[in-house]
Structure formats: C-alpha cells, structure tokens
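Remarks on the structure that follows.
The values are calculated or read from the model by the stated rules, or taken from the named source; none is laboratory data. Keep in mind that what you see is a predicted model, and the values were worked out from it rather than measured. So basically every Cβ, Gly included, is an ideal-geometry build from the backbone, and we count neighbours across all protein chains shown.
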Amino acid sequence: MASIRAFLNGRGFFETSDLVTIGLFSAMTKASTLILALAGGGMNPVTLLLRSAVHAALLMVLLAKVPKTGVLTLFNIVGSLLAFFLMGQAMLALPTIIVGTLAVELLVRALGGLEKHPGLGILAVAASELFSRAANIGLAYLGVREQPGLLVMVVVISAFSYLGILIGLAGGIRMIKELRHAGLIV
Amino acid sequence: MPALSFKFSESTTGFLKITPESRLILTLVASIFSLFFGQIVPLAILLLVTAVYISLEIRFRYIAIVYLFFAFIALTAVTFVWLLGFVFTVMKDQPLSMAVIPFMRLSISINTIIPLAFNSKLSELISTLNKLRLPGLIKLPLIITIRFIPTFINDLKQLRQAVRIRFRGVSGYGFWVLRPFLWSRVFFMPLVVRLIRSTDELALATELKGLSAETDFGAQRLIFGPTDKIVLALASIAVSVSFIIENLHAHG
Amino acid sequence: MLTVESLTFTHALSPKKALDGVGFSLPAGTALLVTGPSGSGKSTLLSILAGLAPRFLKGKLEGSVFLDGKAPGELRHWSSDVGFMTQNPECQFLAGNVEDELYLTLRCRNISGQAAAELVDEALKTFSLESVRSQSVFNLSEGQKQRVVLAALTSLKPKVLLLDEPSANLDPPALEQLAEILKKIEGLGVSLIIADHRLAWLTGVCRKILVLDEGRVAGEGDWEWLSDDQTRAGLGLRSVGRCSSKRTSSNPSNSRQNSLGEGVAAKNLTFSYYKGPIIINDLSFKLTYGTVTVLLGKSGLGKTTLARLLCGLEKPLNGEILFDGEKEPGPHGQVVLQNSDHQLYMPSVLEEVNVALSQGRRGARDDQKALEVLSAFGLADLAKRHPQSLSGGEKQRLVVAVGLARPTRLVVLDEPTSGLDGRNLSLMSRQIIKSAQSGPAVLVITHDLELVELVAQDVINLDEVLQSPRELLT
C-alpha cells in the first residue's frame with residue numbers, strides 16, 4: 001500500500017522534471033487544438049486533420065524527451081481531466097483509454113522500451129490513439145443508440161482524424177530530427 | 001472561458017453564486033445521466049432543469065451564440081459526411097437528420113458545460129484541484145498545465161504578429177493555401193521551441209523551489225455554501241425523478 | 001563563505017569546456033558581479049553554484065564548491081541555502097497570484113500556518129508588493145515579477161542569492177529600484193552573485209568583479225580596475241558610466257518638422273485595447289527618413305503598442321499613420337520584436353535570412369545577398385547552424401539582421417540589445433546607423449541608455465510627452 005502511494009506521488013520513477021514536461025505538453029496540446037477548433041469550426045476536414053496532426057507530433061516529441069513507460073497514460077489522464085475542468089468535456093471514455101494506453105505502453109516495454117528503441121514511439125502513439133478513438137466511438141454509440149445511423153458520422157470523423165494522426169507521426173519524426181540538430185533534445 | 005484568457009466575463013450573470021466544485025459535479029452528473037437515460041420524458045426533465053440553470057448563469061445573447069456555434073459544428077460535420085457519401089456509396093442511405101434523443105443529450109451537456117467553462121478562473125481551478133486530493137503524480141502536471149495555457153495563448157498571439165510582419169508578402173488568409181508547408185512550419189516550430197525551453201526553465205524552477213509530486217499544496221476542505229446546497233439538492237431531485245420515470249417506462 | 005576551487009565543466013553535447021579552472025571565494029554578505037562577453041560561461045557558473053550540475057545540467061563537472069564548508073549534495077537541501085533567479089522570472093511562478101506564490105514557496109520547504117503568514121507579510125512589505133498581493137502574476141511589470149521572485153527566495157533565508165541577467169528587461173527607474181533592493185538584501189548578510197552585461201547600475205551594489213572569457217577567469221578586481229576604457233574594450237565589456245540626461249530628452253528639432261511630406265508621421269493617434277483604458281492619447285510625431293529615432297519611456301507606457309500601431313499590426317481608435325503623407329493599407333515596415341524565439345522559423349541561419357529576403361515568396365532565393373547580411377552582423381560562420389542552437393546574443397543579432405535586410409521605409413527595433421555584451425553592442429549600433437543611412441526611418445525602442453548614447457539622432461521620450469501632452473508635429 002505504501003509503495004503504491006509512493007508511486008502515485010511520483011517517488012522513484014518519475015522525476016519532477018518529467019511531470020513538468022508532461023504538464024506543459026498537455027497545456028500546449030490543449031491550447032493549440034482548442035485554437036484550431038475555434039478557428040476552423042471544429043469539425044471541418046482541414047481542422048480535423050490539423051488538430052490530430054499537431055496532437056500526434058507533440059506526443060512524439062514528448063516521448064523523445066521523456067522516454068519512460070507511463071508517460072502516454074499520464075498524458076491522457078491529465079489531458080482528459082483538463083478538458084473536464086476547463087471545458088466540461090465528460091471523461092466517461094477515460095477508464096477505457098487508460099486501460100488501452102497502459103496495455104500499449106506495456107507492449108512497448110516488452111519490446112525493449114523507448115529508452116533503448118526510440119522508434120517504438122511511433123507504435124506507441126499510433127496504437128494508443130487508435131484505442132482512444134475506439135473508446136470514443138463506443139461512448140458515442142451510447143449517445144446515439146436510438147439512431148445508430150448517426151454513428152456513421154462519428155466513425156467517419158474518427159477515421160479522418162486518425163489520418164491526421166498518421167500525418168502527425170511523420171511530422172513528429174522530422175521534428176525530432178530537427179530538434180536534435182538544434183540541440184534542444186538529446 | 002476566462003481560464004484561457006478570453007474576454008467572457010460579461011457573458012455571465014453572476015446570479016447563482018455557486019462554487020466551481022458544484023459546477024463540476026453538475027456537469028459530471030448531467031453527462032452521465034443523460035447518456036444513461038433513453039426515454040424522452042426523463043431527458044426532457046433534465047433538459048428543462050439544465051435550461052433553467054444555464055439561463056440563470058449565462059446571458060441569453062451568449063447562450064444563443066453558443067448554440068449557433070454548436071449548430072455550425074454539427075452542420076460542418078454533417079456536410080463533410082454528406083460529401084464523403086459521394087465517394088463511399090455505402091454511406092448514402094444513412095440518415096443524416098438529427099434524432100431527437102441524441103439532440104436532447106447534447107443540449108443537456110451544453111447547458112452544464114457552458115456555465116462551467118465561462119465561470120472558470122485559473123486561481124479557482126488550482127484551488128479546486130487542491131480540494132480534490134488527487135495523487136501528486138496527476139496533480140503536479142495538471143497544475144502546471146493550467147498555469148501555462150495562458151502563456152501559450154499569449155505566445156501564439158505574439159507569433160501571429162511576428163509572422164504577419166515577416167511574411168507580409170504572403171500572409172493573410174492566402175498564406176496557408178499558397179505555402180502550406182511554410183505556413184505550418186512558421187507557426188508550429190517556434191511554438192515547439194518555446195514549449196521545450198519553457199519545459200526546461202520550469203523544471204529547473206520547480207527543482208530549485210523544492211516542489212515535487214510529494215509536496216503538500218495545502219489541501220483545503222470542500223465547503224459548500226447555502227446556494228450550493230440548494231442547487232445540488234434540486235439537481236438530485238430532478239435526477240431522481242428522471243431515474244424513476246426512466247425505470248417505470250423500461251419496466252412498463 | 002562561498003569557496004569555488006578549480007571549477008571545470010563540459011556540457012554533455014559539447015567537446016569544448018564551458019568553464020575551465022574557475023576559482024574564487026566570497027565572504028558572507030558580499031556582492032560579486034560576474035561579467036564577460038556572451039558565451040563566456042556566466043550562466044553555466046551560476047547553474048553549477050545553484051547545485052544543478054551534473055544531475056540537471058548534464059555534463060562533466062570537476063573541481064569543488066563549498067558553502068560554509070558544505071558541498072552541494074542533494075539539490076533540495078542545497079537550494080534552501082542558495083536561491084537562483086533565472087533570466088525569465090515569469091517561468092519561476094507556479095501559483096496564480098503574488099500571495100499564493102509566496103505561500104507555495106514556503107510550503108515547498110514545509111513552512112506553513114502562522115509562521116508562513118508572518119513571513120509572507122514581511123516579504124510583501126520588504127519588497128513593496130503589498131498593493132499587488134492579490135494580483136495575478138501575469139499582469140505584473142517585469143520589475144514587479146523580479147521582486148516577487150526575490151521576495152519568495154529571501155523569505156527562505158538563503159545564504160547566497162544568484163541572479164542571472166537581472167537587468168535584461170528593466171527600464172532605468174526599475175533598475176534603480178532593483179539596485180536598492182539588492183543593497184537591502186546584502187545588508188541582511190546574504191551573499192549576492194550577479195551575472196550581467198550591463199554594468200553601470202551595479203556600481204553601488206557590487207564591490208568585487210570577476211570577468212570570465214571563454215570559460216576562464218580573465219580578471220578579478222574592483223570598479224577602479226574597470227574604469228579604464230581600454231581594459232573594458234579588451235575584455236569586450238560595456239560602459240560603467242551613466243548616460244547623460246541630455247540624450248534622454250525629446251529632441252526639440254522633432255517639433256520643428258511640421259510638414260506631412262517625406263517621412264513617417266503619426267497624426268493624433270489614440271489607442272486602447274478592447275474596452276480597456278486609453279493607452280495612447282492624441283499623440284503626434286514624425287520619423288524622418290535616414291534618421292535613427294529612439295523611443296524612451298517607463299515600462300507600461302505603451303511603447304511596444306505604439307510600434308505595433310506604426311506597423312499596422314493594431315488599428316488606432318483615432319488618428320492615422322502616414323507614409324509620405326499617405327495612408328498605407330495592411331502591415332507595413334519591419335518590426336523586430338523582443339522575443340527572438342518567436343521570430344526564428346527555419347532550419348538554418350542562411351535559410352532564415354533567405355526566407356526573410358523573399359518574404360516567403362517562392363523562388364526568390366539569394367544566398368549571396370543572405371551571406372552579405374550575415375557577415376555584416378558577424379554571423380557568416382554560423383550560416384549552416386540551426387537558429388535555435390545559437391546563443392541569446394547571436395539570436396538577437398540574427399533577428400535584427402533579418403529585420404534590416406529588406407528594403408523598407410520604416411524599421412522598428414524593440415529592445416534590440418538587452419542581452420548583448422560590449423563588443424556586440426558596438427557592432428549592433430554600427431549596423432543600426434548604417435541601415436538608417438541606406439534610407440528608412442529607424443525607430444529604436446529601448447531602455448538601454450548605452451545604446452541611446454551610441455545611436456540616437458532624435459529622441460522621443462514618452463514620459464515627457466505623456467506628462468505634458470504636446471504635439472511634436474505641429
């Protein structure tokens with residue numbers, strides 16, 4: 001029990017600087033996606049692609065900066081709580097997202113971990129975002145279960161935003177290379 | 001969303017003086033139960049109660065603007081799917097009109113989200129977080145996040161101005177069309193650089209301060225005033241009545 | 001007593017030593033100024049003294065540091081004794097308002113309850129922050145932000161305070177106020193180590209001076225040693241003398257230019273942000289082509305806002321900006337803003353200048369011209385480097401080089417020399433004058449009185465203009 005409390009308080013595994021980095025990346029992701037949503041009306045294809053691409057690219061950079069198991073899960077928890085506090089977005093999909101992301105992170109750990117194989121960051125982001133979308137589609141089904149036809153719209157939008165994630169992954173790889181060249185990340 | 005430095009202070013009426021914690025509870029309860037209910041009557045009760053709540057909290061003009069904004073988002077989504085229907089024929093036969101029940105669920109959420117979002121203040125949110133006694137592992141990054149969102153929005157404003165001057169030859173609405181890669185680069189790279197620098201500076205500051213996930217931020221007790229108690233009691237009654245009607249319908 | 005012995009440090013990603021055998025000792029309650037050209041190792045020295053290396057500042061550390069015989073072991077213990085104010089004080093805040101920030105600092109050291117309340121009240125009083133105790137930290141002036149950081153640090157009763165470039169964003173009155181506060185802290189028996197390029201404001205604060213160059217101690221002494229112009233020039237340092245007040249008064253010649261003909265004229269400008277108070281009220285003046293005009297005034301008077309109005313980034317409530325007597329639609333002129341990070345976009349220094357020269361249009365690449373621009377600012381050797389990998393001073397020179405590169409009728413430079421050493425200050429001022437000679441009206445917004453001495457051909461002092469509203473343009 002004491003060791004669980006110690007872990008939840010970040011003792012031993014996460015440094016304070018890791019938690020600060022996760023917090024700042026959450027802030028940046030939320031702020032930029034919110035601004036893009038406000039500027040582009042939220043659901044138009046260009047905004048959808050851009051929002052997801054920005055999100056994925058930032059996640060890639062975060063994993064390059066803090067290559068530890070649990071970073072993605074913590075990022076998702078903080079992001080969901082923030083969306084709830086600031087914008088009232090329900091966090092009903094969060095438990096599923098946590099389980100999915102944690103499973104992805106454990107798989108990455110089993111394959112050798114991000115410290116040894118930074119390239120696994122691509123797999124981690126791609127798979128965890130897929131999980132998030134699946135969880136949100138499940139939740140959306142509950143919301144439109146009387147008129148399941150509307151779910152098509154949710155699925156199409158999720159698929160399109162996932163396309164943005166794939167574009168963001170490519171952008172993230174380029175960005176990490178450049179940030180290393182600039183000496184901003186090791 | 002004053003927490004994000006937008007000027008929404010004049011949108012609120014200031015009539016219901018309830019705590020942010022009460023607003024959070026109302027939002028969470030409304031979103032869970034609206035999802036749970038499948039009958040028109042219980043949803044209508046929730047819709048009515050939340051409509052009264054938003055009317056007491058937000059000026060009518062702003063409620064109208066918010067609803068128009070959501071309608072616009074819904075319309076762009078529907079148009080987008082409709083356009084895709086030309087490419088993927090399987091989608092042509094899907095109903096695109098809004099069904100009544102999903103619309104009611106969405107409206108209930110909007111009615112509770114907007115008072116929460118328009119009344120949120122940074123300092124109050126940080127204090128609310130302390131009261132919630134979350135684990136340090138989550139609380140520390142969350143406080144950092146809330147603290148830095150205005151900084152990033154400010155960075156973005158400054159960046160927009162710098163870009164307008166530097167790229168005045170192509171700036172304006174044509175920039176992202178004429179040079180999409182350059183446009184995304186000039187907006188995104190400086191922000192990422194600022195993000196990484198802020199991360200390093202702030203990590204250094206927290207280390208120097210001795211702040212860690214173990215720090216006791218001075219958690220305070222949750223205190224509800226008389227107005228909070230009345231509002232939460234009324235909300236409980238509305239949810240209970242709706243719950244009973246939902247179950248009567250289900251078993252009848 | 002702080003003792004530093006043969007301190008040597010090599011950054012993790014660099015083959016070159018950032019510090020090489022630095023040693024000195026500092027008795028309690030003494031203030032030491034650490035100065036030297038950009039990249040001489042001042043900030044690295046302060047970071048090591050703050051106990052940040054090698055755990056936080058990665059690299060190879062040799063030599064030793066002792067504070068009252070104690071080495072910097074666990075950072076959290078050391079940092080109670082040593083306070084560090086970084087270049088950007090805003091980044092040190094975590095709470096929403098001033099009072100909460102002080103409480104949080106104490107709470108991190110397990111001080112709470114009545115003891116914390118008393119310490120907070122005392123700190124607010126000592127640093128004249130009582131009037132802003134409930135104010136958001138975002139809305140404070142730069143000087144107030146620094147005072148909040150210093151109040152928080154001193155409330156922990158440290159033995160040593162480290163200040164990195166504290167003068168960078170302060171106007172002269174705020175600098176004088178900071179100097180007074182530092183003297184007060186020194187009087188409490190706290191040792192101060194201040195790394196700064198600007199020297200004049202510290203003459204009454206620091207008694208000892210340590211000059212670093214390329215990581216080594218280039219010299220140690222007192223103000224008399226640095227009073228020699230040749231010594232300072234050899235070490236690449238700035239002036240130690242105060243600027244004459246004549247240079248900071250509005251030039252009467254400006255009011256004689258009473259035509260709306262050639263030049264950039266602001267006519268009856270009035271401005272406020274959305275539903276906010278009036279910031280600029282009925283202001284008129286004229287900027288002449290080929291002339292460097294310096295805009296002075298306290299922080300918060302609206303100098304940067306005025307620059308934005310001049311370049312069309314903001315619309316005035318009343319009045320107009322005229323180029324040769326005519327209005328110009330959309331953004332016009334070149335502005336170099338304070339924060340260089342927002343103005344560097346490309347993957348290489350050369351590319352940065354090229355994109356600026358072409359203003360983002362396709363196929364307008366001119367490497368030769370770009371290299372000429374870089375050479376003028378001593379940056380040609382860095383052409384292939386990533387702009388974000390440059391030092392603060394190099395980045396500042398690059399953004400100014402980019403701003404001056406394109407032919408235009410108006411150039412506005414906002415604080416172009418805040419972090420520059422003496423050598424680069426001279427280089428920058430030469431380029432500003434040269435740029436004005438090539439045609440445009442150049443407006444320099446600055447608190448740096450040494451720059452005023454070097455470049456000002458005309459002066460607009462907003463303190464005077466706004467105190468007794470008068471039209472500089474009849």
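Here are some notes:
- Selected residue (criterion: surrounded by the most Cβ atoms within 10 Å (Cβ to Cβ)) from residues of segment C:94-111 that are in contact with a strand residue (DSSP E or B) (Cβ under 9 Å, 6 or more places away or on another chain) and at the interface with chain B (Cβ under 7 Å from one of its Cβ atoms): C:G96
- Residue in segment A:130-137 that is touching a residue at least 40 places away in the same chain (Cβ under 8 Å), of a type outside the set (D, E) and assigned to a loop (DSSP other than H, G, I, E, B) present: no
- When residues of segment C:316-351 are limited to those that are free of Cβ contacts under 8 Å to residues at least 24 places away in the same chain and among the charged types (D, E, K, R), the one farthest from the other protein chains (Cβ to nearest Cβ): C:E326
- If the condition is being surrounded by fewer than 22 Cβ atoms within 10 Å (Cβ to Cβ) and either out of contact with any Pro (no Cβ under 9 Å at 6 or more places or on another chain) or closer than 29 Å to C:T35 by Cβ (or both), then segment C:407-417 contributes C:D414, C:E415.
- Residue check, B:S34 of a type outside the set (D, E, K, R), part of a helix (DSSP H, G or I) and crowded, with 17+ Cβ neighbours inside 10 Å: yes
- Segment A:147-186 - residue that is more than 10 Å from chain B (Cβ to nearest Cβ) and assigned to a loop (DSSP other than H, G, I, E, B) and, of those, modelled with the lowest pLDDT: A:V186
- Flag if B:R221 is more than 9 Å from chain A (Cβ to nearest Cβ) and either at pLDDT 70 or above or under 24 Å from C:S389 (Cβ atoms) (or both): no
- Subset tally (residues that are more than 19 Å from C:E101 (Cβ to Cβ), at the interface with chain A (Cβ under 7 Å from one of its Cβ atoms) and either under 17 Å from the mean Cα position of the chain (by Cα) or crowded, with 20+ Cβ neighbours inside 10 Å (or both)) for segment B:142-156: 2
- Apart from one condition, A:H117 fits all of (1) outside any helix (DSSP H, G or I); (2) on the phi < 0 side of the Ramachandran plot; (3) at pLDDT below 85; (4) not hydrophobic (A, V, I, L, M, F, W, C); the exception is (3).
- Meets criteria (surrounded by fewer than 17 Cβ atoms within 10 Å (Cβ to Cβ), under 16 Å from C:V336 (Cβ atoms) and modelled with pLDDT of 85 or more) for C:K434: yes
Here's the yes/no breakdown for (1) over 25 Å from C:S80 (Cα atoms); (2) out of contact with any helix residue (DSSP H, G or I) (no Cβ under 7 Å at 6 or more places or on another chain); (3) touching a residue at least 40 places away in the same chain (Cβ under 8 Å):
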| position | (1), (2), (3) |
| --- | --- |
| C:K157 | no, yes, no |
| C:A174 | yes, no, yes |
| C:I181 | no, no, yes |
| C:I185 | no, no, no |
| C:H197 | yes, yes, yes |
| C:A200 | yes, yes, yes |
| C:V205 | no, no, yes |
| C:V211 | yes, no, yes |
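- Between C:S375, C:S426, the distinction of being under 18 Å from the mean Cα position of the chain (by Cα), of a type in the set (S, T, Y) and not assigned by TED's automatic domain parsing to the domain that holds C:L170 belongs to C:S426 only.
- Residue within segment C:121-137 that is farther than 22 Å from C:P166 by Cα, away from every other protein chain (no Cβ under 13 Å), polar (S, T, N, Q) and not in a strand (DSSP E or B) present: yes
- The listed residues are B:T27, B:T12, and the only one of them that is buried (at least 18 other Cβ atoms within 10 Å of the Cβ) and either at pLDDT below 80 or closer than 20 Å to B:G225 by Cα (or both) turns out to be B:T27.
- Residue within segment A:43-53 that is more than 7 Å from chain B (Cβ to nearest Cβ) and at pLDDT 90 or above present: yes
- Checked against the criterion of being assigned to a strand (DSSP E or B) and either in the same structural domain as C:P158 (by TED's automatic domain parsing) or closer than 22 Å to C:G393 by Cβ (or both), the candidates C:S25, C:S14 yield just one match: C:S25.
- Only one of the numbered conditions (1) free of Cβ contacts under 8 Å to residues at least 60 places away in the same chain; (2) crowded, with 21+ Cβ neighbours inside 10 Å; (3) of a type outside the set (D, E, K, R) is not met by C:V400, and that is (1).
- Residue within segment C:382-391 that is within 14 Å of chain A (Cβ to nearest Cβ) and under 16 Å from the mean Cα position of the chain (by Cα) present: yes
- Exactly one residue out of C:S47, C:S25 is within 14 Å of chain B (Cβ to nearest Cβ) and out of contact with any Gly (no Cβ under 9 Å at 6 or more places or on another chain), and it is C:S47.
- Single residue of segment A:22-37 satisfying the filter (among the β-branched types (V, I, T) and within 7 Å of chain B (Cβ to nearest Cβ)) that is surrounded by the fewest Cβ atoms within 10 Å (Cβ to Cβ): A:I35
- Selection of segment B:157-170 for residues being surrounded by 18 or more Cβ atoms within 10 Å (Cβ to Cβ) and more than 7 Å from chain C (Cβ to nearest Cβ) yields only B:V163.
- Of all the criteria given as (1) modelled with pLDDT of 85 or more; (2) not assigned by TED's automatic domain parsing to the domain that holds C:T35, the one not satisfied by C:S227 is (2).
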